[in-house]
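Structure first, commentary second.
The values are calculated or read from the model by the stated rules, or taken from the named source; none is laboratory data. The structure displayed is predicted, hence computed values, not measured ones. Here the Cβ positions follow ideal geometry from the backbone for every residue, glycine too, while neighbour counts run over all protein chains shown. Quick note on the areas: whole protein, heavy atoms, side chains included, nothing else; ligands and nucleic acids left out. Shrake-Rupley method; radii C 1.70, N 1.55, O 1.52, S 1.80 Å.
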Amino acid sequence: LAALSWGGGQTSLSPWQFLRRQQVLQLYRKILRAIREVPAEQDRRYLKDWAREEFKRNKDATEEDAIRMMITQGNMQLQELQRTLKLAKS
């Protein structure tokens with residue numbers, strides 16, 4: 001997220017940027033937790049690498065609508081992973 005610099009290399013986020021950043025970090029943690037439940041180690045590694053790359057690829061996004069869309073899309077993918085894991089366990 002775009003930020004203004006204020007001494008010492010630290011950044012200052014606007015309130016909406018701070019909230020979006022929190023949402024993104026929370027989504028990332030939820031995805032990684034869900035991936036831990038994947039039974040096959042090779043699949044876990046693949047999904048973890050995929051998630052890391054997706055978040056890295058989009059880390060410089062600044063447009064609010066695009067960020068909101070990516071968060072929504074990420075949540076839908078998380079729900080799909082959770083549904084798949086639930087079905088696999090039953």
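Please determine, by comparing only the residues of region 12-41 that are small (Gly, Ala, Ser) and assigned to a loop (DSSP other than H, G, I, E, B), which one is nearest to GLN79 (Cα to Cα).
First, the residues of region 12-41 that are small (Gly, Ala, Ser): 12, 14, 34, 40.
Keeping just the survivors that are assigned to a loop (DSSP other than H, G, I, E, B) gives 14, 40.
On the way: SER14: 29, ALA40: 19 Å.
Per the criteria, the residue is ALA40.
Look through GLN82, GLN77, GLN73, GLN42 and report the one residue that is over 29 Å from LEU13 (Cα atoms) and surrounded by 11 or more Cβ atoms within 10 Å (Cβ to Cβ). First the steps, then the outcome.
Numbers: GLN77 fails: over 29 Å from LEU13 (Cα atoms); GLN73 fails: over 29 Å from LEU13 (Cα atoms); GLN42 fails: surrounded by 11 or more Cβ atoms within 10 Å (Cβ to Cβ).
Going through GLN82, GLN77, GLN73, GLN42 in turn, just one is over 29 Å from LEU13 (Cα atoms) and surrounded by 11 or more Cβ atoms within 10 Å (Cβ to Cβ): GLN82.
Taking region 17-35 on its own, how many of its residues are open to solvent by 50 Å² or more (accessible area, probe 1.4 Å) and farther than 17 Å from LYS59 by Cβ? Steps first, please.
The first filter runs over region 17-35 and keeps only residues open to solvent by 50 Å² or more (accessible area, probe 1.4 Å), leaving 18-19, 21-23, 25-26, 28-30, 33.
Those still in the list that are farther than 17 Å from LYS59 by Cβ too: 30, 33.
Qualifying residue count, region 17-35: 2.
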Pairs, please: C-beta under 8 Å, at least 6 apart or cross-chain, first residue in a helix (DSSP H, G or I) and in region 42-66, second among the hydroxyl-bearing types (Ser, Thr, Tyr) and surrounded by 11 or more Cβ atoms within 10 Å (Cβ to Cβ)?
ALA51/TYR28; PHE55/TYR28
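Can you name the residue in region 20-41 that is of a type in the set (A, V, I, L, M) and without any contact (Cβ under 8 Å) to a residue 24 or more places away in the chain and is also nearest to ALA88 (Cα to Cα) among such residues? Working first, answer last.
Within region 20-41, the subset of a type in the set (A, V, I, L, M) is 24-25, 27, 31-32, 34-35, 38, 40.
If we keep only those that are without any contact (Cβ under 8 Å) to a residue 24 or more places away in the chain as well, we get 25, 32, 40.
Numbers: LEU25: 27, LEU32: 18, ALA40: 12 Å.
Only one residue tops the list, namely ALA40.
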Cβ pairs under 8 Å, 6+ apart or interchain, first in region 72-85 and among the polar types (S, T, N, Q), second part of a helix (DSSP H, G or I), ordered by first then second residue, are ASN75/LEU27; GLN77/ILE31; GLN82/ALA34
